[in-house]
Amino acid sequence: MRLEHLFSPFELRGLSLKNRIVMPPMGVFLVEADGSVTERTREYYRQRARGGAGMVMVEASAIAPEGIVSSHQMRIFDDAFVPGLASLAKVIKQEGARAGIQIHHAGRQTSSKVIGRPPLAPSPLPCSSIRGDVEVLDQEGIQRIVRLFGDAAQRAMEAGFELVEIHGAHGYLINQFLSGFSNIREDDYGGDTLRRARFAVEVVQEVRRRVGPDLPISFKISAQEFVPGGLNVQESIEIVRLLRQAGIDVVQVSAGNDATPEWISQPMLMSRGCLVDSAHRIKEAVDIPVICVGRINGPVLAEEILREGKADLVCMGRALLADPELPRKAREGRLEEIRRCVGCNTCINSIFKKGRVECLVNPELSREQEMAIRPASRRRRVLVVGAGPAGCEAAWVAASRGHRVELLEASDQIGGQILLGATPSHKKDLLNIVRFHKRQLALHKVDCCMGRVVGPEEILEMRPEVVVLATGAKPVRLPFLQEGANGVCTYREALERPESLPEKVVVAGGGAIGCEVALHLAEWGHKVRIVEMTDRVGSHYEAMTRKLILERLRSHGVEVLTNHRIIGYREGRLSCVSGVEQEPLSLEAPAVVLALGTCPEDRLFAPLCSAGLEVYRIGDCLEPRSIKEAILDGARIGRAV
């Protein structure tokens with residue numbers, strides 16, 4: 001497919017972009033706790049600019065100490081930060097992209113634990129996801145922040161950035177003023193749309209005054225918040241008109257706030273390009289260039305959006321985390337080589353859990369230097385057993401370094417558990433991982449042998465120098481719930497043959513697998529109940545996906561029983577006891593699906609070690625783990641052998 005619109009130039013107030021791909025500001029938190037930019041920070045931005053995006057925007061940079069959301073957030077509230085920011089602008093421009101930066105104040109959407117004081121807000125309403133007291137801004141405080149935005153914009157220009165974006169979305173301070181959901185003021189900064197927009201207008205006017213007539217200004221807006229009293233597209237059109245008059249040159253149309261984070265970073269349950277229509281409506285109503293966002297994970301979709309005139313520029317955020325070379329590969333027609341974002345939100349979850357960004361499909365993200373692929377010092381014969389995500393990643397990486405690699409797989413195709421995980425309708429994007437691995441294995445000439453089951457003796461006869469075991473895991477079973485017994489089956493059978501089960505089904509286990517199976521069966525028309533021994537289901541999901549999964553389970557009538565342990569099964573009835581009271585409970589269960597987790601399938605490991613071979617276990621074979629951890633295992637061992 002020709003991507004002529006995607007790779008056509010575009011101009012913003014005299015700033016020429018070589019193509020329509022924009023890497024939006026994304027908080028990856030790769031600076032030090034004092035806000036210092038490091039070589040790791042520079043390398044992250046260098047890789048995205050080198051990959052061919054028309055513009056790369058540096059993440060939300062705090063304009064004030066009380067406006068940060070994390071100790072590792074980028075800062076721009078002091079001249080001391082200008083040299084580090086300048087180094088980012090420099091590497092972005094050196095690699096051929098235009099350098100933009102977003103300036104930001106969190107308002108109420110931070111914690112006193114982070115900033116050491118109550119967060120600032122337009123009204124005495126705490127952030128719905130953080131809680132805690134807030135300090136309501138008076139008009140003097142508002143004017144101080146307006147000036148701080150101007151100071152930040154001036155520093156951005158001094159640092160060499162070619163565009164400044166004002167963050168007015170996602171429930172942060174400017175959004176808090178814009179929205180009736182968070183602004184109940186009765187003065188000149190609250191009430192109707194015009195007054196709620198006053199703060200944003202004054203910020204834009206101050207930024208324009210400070211940067212002069214030549215620097216382009218972007219504004220990011222949540223055109224829809226999906227909450228009572230929140231912004232909608234029609235009101236956002238009115239706001240964008242005001243901001244256009246105040247001095248902005250382009251608007252980035254996003255959605256969501258702190259109460260609806262699933263609309264900020266849309267999980268795979270939401271459709272690709274789900275915010276394009278709101279961007280299109282603003283483009284039709286206001287004479288201003290529009291940047292669209294929202295699960296635009298591939299160049300073909302981006303081209304369609306531009307060709308149909310729905311936007312002028314396209315943000316590809318998580319897509320460029322997954323593969324920074326996406327623009328170059330697309331321009332060169334190498335679409336099959338693109339490592340595609342699957343919408344899993346591992347990137348968001350890793351920030352909350354680890355404090356830095358990671359990616360399910362791209363193990364190099366935030367490890368760009370340490371994970372560089374370098375030629376092997378000597379060529380070795382490497383045997384990889386198991387073609388799931390861990391085994392495939394290890395195989396192609398090792399082969400790319402010059403090793404002779406053979407990949408054995410017991411089934412007739414690569415993919416392992418991903419093939420099963422992609423069975424539910426909302427998870428088909430996981431198959432992009434399999435397609436990428438298939439392409440990489442062929443590209444690096446890995447010898448793939450499908451339908452091959454081997455034991456220790458056969459492996460020894462093959463005389464490998466290194467063996468990598470990626471043989472996966474097997475389901476955990478209870479003594480009284482054995483696969484094959486009357487009415488009992490594994491989650492694999494339930495996913496592959498839902499029509500074979502009776503109307504009523506109990507899913508034993510409420511982790512991610514149990515929830516996926518329950519939802520899949522409910523969509524097939526079964527009456528489903530989940531029994532989980534802990535106090536919550538779906539605990540393995542990141543927050544946004546969990547919220548949507550639980551909503552879907554409820555909408556499909558799936559019953560959830562937590563804090564109950566299964567102790568027996570006989571004649572179509574499941575015996576349980578409650579966690580604390582140990583109260584017995586008997587449930588009708590014509591069919592029971594085992595979703596109790598997995599344990600390693602590592603029977604080859606001990607005999608091969610005893611034979612003196614160099615053997616490694618990765619993925620579920622080492623310990624049951626996520627797809628992200630499995631791919632990271634494979635990536636590391638492929639670089640180490």
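Odds and ends about this structure:
- Close lysine pairs were tallied over the stretch 10-354: pairs 8 or more places apart or on different chains with Cα atoms under 22 Å apart number 12.
- Modelled label reach - ALA485, point 7 Å along Cα→Cβ, the stretch 559-575 residues with backbone N closer than 11 Å: 567-575
- Computed over the Cα atoms of the stretch 488-596, the ratio of the radius of gyration to the Kirkwood radius (Rg/Rh) comes to 0.95.
- For ALA60, nonlocal amide neighbours, meaning residues 5 or more places apart or on other chains whose placed amide H falls under 5 Å from its own, are MET26, GLY27.
- The convex hull defined by the C-alpha atoms of the stretch 10-354 has an orientation-averaged projected area of 15.3 nm².
- Along the stretch 344-355 the Karplus relation, 6.51 cos²θ - 1.76 cosθ + 1.60 evaluated at θ = phi - 60°, assigns HN-Hα couplings of 7, 6, 4, 4, 5, 4, 5, 5, 5, 8, 10, x Hz to successive residues, with x for each Gly and Pro.
- Extension gain, ARG570 back to CYS274 (0.36 nm per residue minus Cα-Cα distance, nm): 101.8 nm
- Per residue, the average separation of C-alpha pairs within less than 8 Å and at least 6 apart gives the stretch 160-300 a relative contact order of 24 percent.
- Taking 0.36 nm per residue of separation and subtracting the Cα-Cα distance, full extension of the segment from ARG334 to GLU308 would add 7.0 nm.
- Average Cα contact separation per residue, the chain, under 8 Å, 6 or more apart, as relative contact order %: 11 percent
- Compared with the alpha-carbon gap, the fully stretched path from GLU465 to THR562 is longer by 30.0 nm at 0.36 nm per residue.
- Spherically averaged projected area of the stretch 354-435 from its Cα convex hull (nm²): 6.9 nm²
- Residues whose placed amide H lies under 5 Å from that of GLU325, excluding near-sequence neighbours: none
- Rounded to the nearest Hz, the phi-derived 3J(HN,Hα) couplings of the stretch 378-392 under the Karplus curve 6.51 cos²θ - 1.76 cosθ + 1.60 (θ = phi - 60°) are 8, 7, 10, 8, 10, 10, 10, 10, x, 10, x, x, 5, x, 5, where x marks glycine and proline.
- Relative contact order of the stretch 488-596, pairs being alpha-carbon contacts under 8 Å that are 6 or more residues apart, as %: 34 percent
- Pair VAL300, ARG241: separation of 7 Å Cα→Cβ label points (nm): 4.0 nm
- Per-residue HN-Hα couplings for the stretch 14-23 [Karplus 6.51, -1.76, 1.60; θ = phi - 60°; Hz; x = Gly/Pro]: x, 8, 8, 9, 6, 8, 9, 8, 10, 8
- FRET efficiency, GLU623 to VAL136 (Cβ-Cβ, R0 56 Å, nearest 0.05): 0.65
- Antiparallel DSSP beta bridges within the stretch 10-354, as percent of all bridges there, nearest 5: 10 percent
- The calculated P(r) of the stretch 160-264, using every Cα pair and 10 Å bins from 0, goes 17, 50, 28, 6, 0 in percent.
- With kT/(6 pi eta Rh) evaluated at 25 °C and eta = 0.890 mPa s, and Rh the Kirkwood radius from Cα pairs, the chain diffuses with a coefficient of 93 µm²/s according to Stokes-Einstein.
- Of all DSSP beta bridges in the chain, antiparallel share, percent nearest 5: 20 percent
- Nearby lysines by direct alpha-carbon distance to LYS527 (threshold 29 angstrom, same-chain neighbours under 8 apart not counted): LYS427, LYS428, LYS474, LYS504, LYS547
- Cα extents for the stretch 1-152 along the principal axes, largest to smallest and rounded to whole angstrom: 53, 31, 28.
- For the pair ASN232 and MET371, label points projected 7 Å from Cα toward Cβ lie 4.3 nm apart.
- Helix axis angle, 139-158 relative to the chain longest principal axis, alpha carbon, degrees: 80 degrees
Readers should treat all values here as calculations from the given coordinates under stated rules, not as data from a laboratory. Everything quoted here is computed from the prediction, not taken from an experiment. Glycine gets a Cβ as well: all are built from the backbone with ideal geometry, and neighbour counts include every protein chain shown.
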